[in-house]
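S.K.: Mind having a look at this structure? Questions to follow.
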Ligand code: CTP
């Protein structure tokens, strides 16, 4: 595809360099048109080097080629990111005072705006009206993500992550109407990895969780426009870019982090493998092997069930929040995997339960997975299988569907 990438003058312009890479790596021919203000954040040389095409922001460069007409007409898709309040206003009022706004007026194909600005500017009546005007003309304006903005402020107005804009752009170019990011403006907390319960300064009780599923969920949620907080217990994979990471070790630390994060989360997904028990005592010094003593005995005590506690807290605080649990189940002589999982869903009271069938050779550390998503609402169990990233995509789509179409329990 021939893509015109319009870059507005906001600090988020630096993130658009990654978006440009995603487009070129997918084989698209990209012409970047920064506004004058955008070149104060990222220089023309960067856009030229990354796109492999000449870059201009003036209608007076290469006048004989009538660039503003040619670029607008030839583009299969125009993406504007970051779409600043100023750029949105200029586009809404049909101004043609630089190469980008000229090109927008000449566009024949789909146009996607990815806004980024301070929350007050995004919520200002003038911007609201301008966005409605653009949407009314068939221009796709993404809802911004929510989260840390340039200064100390935080709220809706963050540029969605490059992967999220890329996915929306591809959906729009395919004529799909579901380009809008399903989790835009939502805060999603995801726990991942396996907790470790110390016995002494060098030993712990742990589990086989690699963290891959939790990380894949964080990527999928981020790409769906959410502001993501990853509560990372022990993981064998690095956390993804563009998410806030809180590192924890034990179940008790995870509980504390989860309860704090849940207070302002629209969604909490407990994908971590949490130890159900911890040693009753942690030795300050390394436990010694002595020939004269009997075999050591480790006494375990129960850890709190974080998922259940999150559900109880949500219910007493009357908070509107979707809570998702994971269940690693093995069937046995007394029942099959689904029967156990349904009982667990009822016991824990979460809205969705994603059920894995595990054995030592299955799921843990593997790249592929097959799950059943059970809903408390009693809808049909949903099957999802494939790579952990495909399964995560299905789980996050289901989360988006529940949030946007089924009112979560308040
Ligand atoms: N979980 C939790 N706190 C715990 C244990 C588990 O929040 N102390 C969460 C997990 O993150 C997961 C879900 O509960 O989302 C199910 O965990 P699982 O280990 O499969 O279930 P258990 O409650 O431990 O039940 P059982 O061991 O009897 O299968």
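The values are calculated or read from the model by the stated rules, or taken from the named source; none is laboratory data. Quantities reported herein were computed from a predicted structural model and do not represent experimental measurements. With ideal geometry, Cβ positions are generated from the backbone for all residues, glycine too; neighbour counts draw on all protein chains shown.
S.K.: State which residue pairs qualify: first residue at positive phi and not assigned by TED's automatic domain parsing to the domain that holds residue 371 and inside the stretch 340-352, second residue within 8 Å of the ligand (Cβ to nearest atom) and in a loop (DSSP other than H, G, I, E, B) in any location, beta carbons under 7 Å apart, and separation of 6 or more residues or different chains.
M.R.: That search, which allows pairs on different chains as well, returns nothing.
S.K.: Follow-up. Just checking, how many residues over the stretch 124-162 are over 20 Å from residue 265 (Cα atoms) and at pLDDT 90 or above?
M.R.: So the first thing to find is which residues in the stretch 124-162 are over 20 Å from residue 265 (Cα atoms), and the list is 124-142, 150-151, 162.
From what's left, at pLDDT 90 or above: 124-142, 162.
The qualifying residues number 20.
Yes/no matrix, rows are residues, columns are (1) free of Cβ contacts under 8 Å to residues at least 60 places away in the same chain; (2) surrounded by 14 or more Cβ atoms within 10 Å (Cβ to Cβ); (3) in the same structural domain as residue 106 (by TED's automatic domain parsing):
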{"residue": "13", "(1), (2), (3)": "no, yes, yes"}
{"residue": "27", "(1), (2), (3)": "yes, no, yes"}
{"residue": "38", "(1), (2), (3)": "yes, yes, yes"}
{"residue": "43", "(1), (2), (3)": "yes, no, yes"}
{"residue": "65", "(1), (2), (3)": "yes, no, yes"}
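S.K.: Sort out which residues of the stretch 107-131 are assigned to a helix (DSSP H, G or I) and either within 26 Å of the chain's Cα centre (by Cα) or surrounded by 14 or more Cβ atoms within 10 Å (Cβ to Cβ) (or both), and write them in order of number. Talk me through it step by step, then tell me what you get.
M.R.: Initially, the stretch 107-131 is screened for residues assigned to a helix (DSSP H, G or I), giving 119-123, 125-131.
Passing the criteria: 119, 120, 121, 122, 123, 127, 128, 130, 131.
S.K.: Something else about it: Can you name the residue in the stretch 306-321 that is within 13 Å of residue 348 (Cα to Cα) and crowded, with 18+ Cβ neighbours inside 10 Å and, of all such residues, is farthest from the ligand (Cβ to nearest atom)? Steps first, please.
M.R.: From the stretch 306-321, those within 13 Å of residue 348 (Cα to Cα) are 306-315; that's our starting set.
After this cut, where a residue has to be crowded, with 18+ Cβ neighbours inside 10 Å as well, the list is 306-307, 310-311, 314.
Values: 306: 3, 307: 3, 310: 7, 311: 10, 314: 13 Å.
Top of the filtered list is 314.
S.K.: Could you say whether any residue in the stretch 84-100 is over 31 Å from the mean Cα position of the chain (by Cα) and not in a loop (DSSP other than H, G, I, E, B)?
M.R.: Start the filter on the stretch 84-100 by keeping residues that are over 31 Å from the mean Cα position of the chain (by Cα), which leaves 93-99.
If we keep only those that are not in a loop (DSSP other than H, G, I, E, B) too, we end up with 99.
Yes, the stretch 84-100 contains a residue that is over 31 Å from the mean Cα position of the chain (by Cα) and not in a loop (DSSP other than H, G, I, E, B).
S.K.: Quick one: residue 331 ticks every box in (1) touching a residue at least 60 places away in the same chain (Cβ under 8 Å); (2) over 28 Å from residue 154 (Cβ atoms); (3) within 15 Å of the ligand (Cβ to nearest atom) bar one, so which box is it?
M.R.: It fails just one condition, (1).
Matching residues to (1) within 15 Å of the ligand (Cβ to nearest atom); (2) surrounded by fewer than 20 Cβ atoms within 10 Å (Cβ to Cβ); (3) touching a residue at least 60 places away in the same chain (Cβ under 8 Å):
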| position | (1), (2), (3) |
| --- | --- |
| 224 | no, no, yes |
| 232 | yes, no, no |
| 245 | no, yes, no |
| 252 | yes, yes, no |
| 263 | no, yes, no |
| 272 | yes, no, yes |
| 276 | yes, yes, no |
